[in-house]
Structures are given as structure tokens and as C-alpha cells.
Amino acid sequence: MRFFRADRVSKLIREELSMIIMRELDFGGALVTVTGVDVDKKLEHAATLVSVIPSAAEERAMRELERHAGRLQHLLMKKINIKPMPRVSFVLDHGSENAAKIEKLLEEGQ
């Protein structure tokens, strides 16, 4: 069972981290979007799901996010005053890409 506080913290981190990433990092023309944040019930870890378009830029974008993870964490801590602040990590989200492939296959089948 998920706790209500973890859900609220997830939403808050997603909103603030999206803005921070947009302002602070340059991905060389790639579009990087925070699609979700999964915070564990102890509020220790926040797995941040990111989508990268075009998919050819995924590896570079993930390297850039990991390289700046400490700075992003620091900026997030300045924006959100919660204790404990979950440790942010980044995970590539292929959900929208997979949905587009499935939709294309369904259209071809009709």
C-alpha cells in the first residue's frame, strides 16, 4: 500500500525537477521530459522517469542527467523544504515510444 505523503512528494518532485532541468541543462536540441517520479514509502529514493526525443539522444541525455545529479539534487532541496529529501536517480521511460509503435502496428493491421 502506498502512502499518501509519498504520492504528494512524487508529484512535487516531478513538477519542480521538470522546471529545474528545463532551466539548468542543455541537451543539444533533444527534448527531455520528466514523465513521472516514484518515491519509496520511506522517502529515501525517488526514481525519476524521463523521456527523451529523439530516441537517438537517449544515451547522451542520460549521461548528462547523471553527471549533474548532485547539482540537480541540491537545487531541488532549495526549492522543496521536506525532510527527508529523497535521493533522486534517473530512469529512461520508453512508455510513449512503445505506445507509438503499438499504435502504428494497429493502424497497419486495419
Can you find a residue in segment 78-91 that is at pLDDT 90 or above and in a helix (DSSP H, G or I)? yes
Which numbered condition Ala69 misses (of (1) more than 12 Å from the chain's Cα centre (by Cα); (2) surrounded by fewer than 16 Cβ atoms within 10 Å (Cβ to Cβ); (3) under 19 Å from Met19 (Cβ atoms)): (1)
Restricting to segment 1-18, name every residue that is among the aliphatic types (A, V, I, L, M) and either in contact (Cβ under 8 Å) with a residue 40 or more places away in the chain or touching an Asp or Glu at 6+ places or on another chain (Cβ under 8 Å) (or both). Ala6, Val9, Leu12, Ile13, Leu17
For segment 1-34, the count of residues that are closer than 17 Å to Glu64 by Cα and in contact with a strand residue (DSSP E or B) (Cβ under 8 Å, 6 or more places away or on another chain) equals 10
Quickly run through segment 20-40 and pick out the residues that are in contact (Cβ under 8 Å) with a residue 24 or more places away in the chain, of a type outside the set (Asp, Glu) and part of a helix (DSSP H, G or I). Ile20, Ile21
I'd like to verify a number: residues in segment 51-65 that are surrounded by 12 or more Cβ atoms within 10 Å (Cβ to Cβ) and over 11 Å from Val91 (Cβ atoms), how many? 8
If you take the residues in segment 33-50 that are of a type in the set (A, V, I, L, M, F, W, C) and over 8 Å from the mean Cα position of the chain (by Cα), which one is farthest from Phe90 (Cα to Cα)? Leu43
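The values are calculated or read from the model by the stated rules, or taken from the named source; none is laboratory data. As the structure is a prediction and not an experimental result, all values here were calculated from the model. No Cβ is skipped: glycine too gets one built from the backbone with ideal geometry, and neighbour counts run over all protein chains shown.
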